[in-house]
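Scroll down for the structure; my scribbles are underneath it.
The values are calculated or read from the model by the stated rules, or taken from the named source; none is laboratory data. None of the values given here were measured: they were computed from a predicted structure. Cβ placement follows ideal geometry from the backbone for every residue including glycine, while neighbour counts extend to all protein chains displayed. Ligands, DNA and RNA are stripped out before the accessible areas are found, and what is left, the full protein with its side chains, is counted by its heavy atoms. Shrake-Rupley method; radii C 1.70, N 1.55, O 1.52, S 1.80 Å.
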Amino acid sequence: MGDKVLLTEVLEASRLTDTYADLTAKQIINELRHVSHEPSVRYESMDNDRAELGQPEDARQREASDEGVKQYTVDDAVEHLGFGKFQLKLSILTGIAWMADAMEMMLLSLLSPALACEWGVTPVQQALVTTCVFSGMMLSSTFWGKICDTFGRRTGLTASAIVAFSMGAMSGLSPHFYVLLFLRGLTGFGIGGVPQSVTLYAEFLPTAQRAKCVVLIESFWAIGAVFEALLAFTVMGTYGWRALVLLSSCPLAFFAICSMWLPESARYDMASGHPEKALATLMKVAKENGRSLPAGELVASKVQTSGPIGETRGHLSNLLSPDLRKTTLLLWVIWMVNAFSYYGMVLYTTVLFQSHDECHGGLFSNGTELSKCQPLTQKDYLDLLFATLAEFPGLIITVFIIEWLGRKRTMAVEFAIFSIFTYLLYLCLDRFTVTTFIFIARAFISGAFQCAYVYTPEVYPTTLRAVGLGASSGMARVGAIVTPFVAQVASGSNLSLPIGIYGTAALCGLIAALSLPIETKGRQMADTH
């Protein structure tokens, strides 16, 4: 009835009732559109009627273009608005999330000695602390990706930060070792959502600045790790591990509060059918950057899905569709190798330095039996701080070469250098040379890891970006769970065995990087798949 009333009023006002009396509503609308090429008033209600009558959205957009109405997509707007005050603020907010993540990860290397002294836990039980955290992260990575693709990036990030903070703080009050294991596992479950901050951040970055900005934001990880070492240096000797655990969770609480100021991704709003929200966000970006939006009307990407957005957004199975299967499988290998090698080198460094093999950086054995309780000294914390600083040159090098070589070749080169300097540890070397080679290897595996964080959000469309990053992050946790058994267990029978394993794993990462079918350098982010 509404259609008839509307059309009757329009036709009577135009004195065209007799002319169009025998036509259907759909035919009348088509006839009125083509009656004249002269500029005419566009009625929003009539546009809605065309939608109800089954005319596709892309057809309506083409018609609007034919009538001279300019159009632009979210990608066009992001490129036009450039990098400014808005992106700078978002960099800081995203950086806080990465600092908090790094502090919780760095905490794992500091807890074991303290727990051995307080509860007398065995080496296997000490390893379980790390295993529980990474298991929680592995199980939750895809979960948080699904949440972010379904309910929004900001919602998923806020929820994950709240879970990680509350469980992390409660673990500092654990009355028993197995209660601690349970709470640290839940902490890891919350931390698994933190990498989605890269998804949100990347979706507001212009193509020219995207790679450098994502890599630079990873420097907050190194800052967080350094801050955790300094915090342990200050707190552990006086207040103990419980105070350190509580203080280490505070940045997560701070990020959860700050997330109220996080914008929702305009790409997500557009892909989920809320263009008015996307436009409001882009207007905010334009205001803060002192720029104006492109002239015309905001429209969805020219490439549309075959079905409704809600039916194709955020499904893990879509990552293995024919056009994405090879990319996804290779990315899973790359992420697994990155985590396996990165965390493995951190653990293996301690093994080498605690050994009595002088050819691998160990100290000469004087026959003294080591006690079970060996708390870290201030010198240990300073050495740990020095090892962490290796990540800064890795990040800087990656920033300079990623736009020159491209994403694929940058990862390949960094895997190759890590492999070379890892294999060099087979040689009989003094402590300083061993430390230098480990420093170089850790710098480049850190760079390869950050390059993967750049490539992954770029290669997946908006409808799959968060779940794609979440699944990749989940595979990285598999590598992190396995690596203690290589660095700490396998080295007990043969100190050189981990060297061959880590060097060969990096070569596999090199091959996988070169085999990726898509190079994302200079490529605009896709909105749909």
| request: Output the number of the condition that S317 fails; it satisfies all remaining conditions of (1) among the hydroxyl-bearing types (S, T, Y); (2) open to solvent by less than 10 Å² (accessible area, probe 1.4 Å); (3) free of Cβ contacts under 8 Å to residues at least 24 places away in the same chain. | output: (2)
| Number of positions in the stretch 170-185 that are open to solvent by less than 40 Å² (accessible area, probe 1.4 Å) and over 30 Å from the mean Cα position of the chain (by Cα) | 2
| message | For the stretch 260-281, give me the residue count where each residue is touching a strand residue (DSSP E or B) at 6+ places or on another chain (Cβ under 7 Å) and either surrounded by fewer than 17 Cβ atoms within 10 Å (Cβ to Cβ) or more than 17 Å from D149 (Cβ to Cβ) (or both). | response | 2
| message | Yes or no: the stretch 216-230 includes at least one residue that is small (G, A, S), more than 21 Å from the chain's Cα centre (by Cα) and assigned to a loop (DSSP other than H, G, I, E, B). | response | no
| field | Subset of the stretch 425-445 [touching a helix residue (DSSP H, G or I) at 6+ places or on another chain (Cβ under 9 Å), surrounded by fewer than 17 Cβ atoms within 10 Å (Cβ to Cβ) and of a type outside the set (S, T, Y)] | value | L427, R431
| message | Given the criteria open to solvent by less than 40 Å² (accessible area, probe 1.4 Å), polar (S, T, N, Q) and outside any loop (DSSP other than H, G, I, E, B), does T504 qualify? | response | no
| said: When you scan the stretch 450-460, do you find a residue that is open to solvent by 10 Å² or more (accessible area, probe 1.4 Å), assigned to a helix (DSSP H, G or I) and at pLDDT 90 or above, even just one? | reply: no
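A quick yes/no check of all residues on (1) at pLDDT 90 or above; (2) open to solvent by less than 20 Å² (accessible area, probe 1.4 Å); (3) among the hydrophobic types (A, V, I, L, M, F, W, C):
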residue	(1), (2), (3)
V226	no, no, yes
T234	no, no, no
W241	yes, yes, yes
V245	yes, yes, yes
C250	yes, no, yes
A253	yes, no, yes
| request: Output the residues belonging to the stretch 248-300 that are more than 23 Å from the chain's Cα centre (by Cα) and among the small types (G, A, S). | output: G273, A280, A286, G290, S292, A295, G296, A300
| task | Among residues belonging to the stretch 169-181 that are assigned to a helix (DSSP H, G or I) and in contact (Cβ under 8 Å) with a residue 12 or more places away in the chain, point out the one that is nearest to T122 (Cα to Cα). | result | F177
| query | Listed residues A448, A390, A416; which is among the small types (G, A, S) and farther than 27 Å from L107 by Cβ? | reply | A416
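The rows are residues; the columns are (1) of a type in the set (A, V, I, L, M, F, W, C); (2) touching a residue at least 24 places away in the same chain (Cβ under 8 Å).
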position: Y453; (1), (2): no, yes
position: V467; (1), (2): yes, yes
position: R477; (1), (2): no, yes
position: A506; (1), (2): yes, yes
position: I511; (1), (2): yes, no
| field | Single residue of I499, I420 found to be open to solvent by less than 10 Å² (accessible area, probe 1.4 Å) and assigned to a helix (DSSP H, G or I) | value | I499
| request: Filter the stretch 329-341 down to the residues that are in contact (Cβ under 8 Å) with a residue 60 or more places away in the chain and surrounded by fewer than 23 Cβ atoms within 10 Å (Cβ to Cβ), then identify the one that is nearest to A490 (Cα to Cα). | output: V333
| query | Is it the case that the stretch 289-298 has a residue that's modelled with pLDDT of 85 or more and part of a helix (DSSP H, G or I)? | reply | yes
| remark: F485: passes all of (1) at pLDDT below 85; (2) assigned to a helix (DSSP H, G or I); (3) crowded, with 19+ Cβ neighbours inside 10 Å; (4) not polar (S, T, N, Q) but (3)
| Hey, I511 closer than 16 Å to L331 by Cα, over 19 Å from the mean Cα position of the chain (by Cα) and open to solvent by 20 Å² or more (accessible area, probe 1.4 Å) or not | yes
| request: Please work out if M138 is in a helix (DSSP H, G or I), more than 21 Å from V226 (Cα to Cα) and in contact with a Lys or Arg (Cβ under 7 Å, 6 or more places away or on another chain). | output: yes
| Matching residues, the stretch 100-151, being modelled with pLDDT under 85, hydrophobic (A, V, I, L, M, F, W, C), open to solvent by 30 Å² or more (accessible area, probe 1.4 Å) and closer than 16 Å to S171 by Cα | L128
| query | Within the stretch 155-169, restricting attention to residues that are surrounded by fewer than 19 Cβ atoms within 10 Å (Cβ to Cβ) and of a type outside the set (V, I, T), which residue is farthest from M260 (Cα to Cα)? | reply | S166
| What pairs come up if the first residue lies in the stretch 387-399 and is surrounded by 16 or more Cβ atoms within 10 Å (Cβ to Cβ), the second is of a type in the set (F, W, Y), and their beta carbons are under 8 Å apart, counting only those six or more places apart or on different chains? | A387/F439; A390/F439; E391/W221; G394/F444; I397/F444
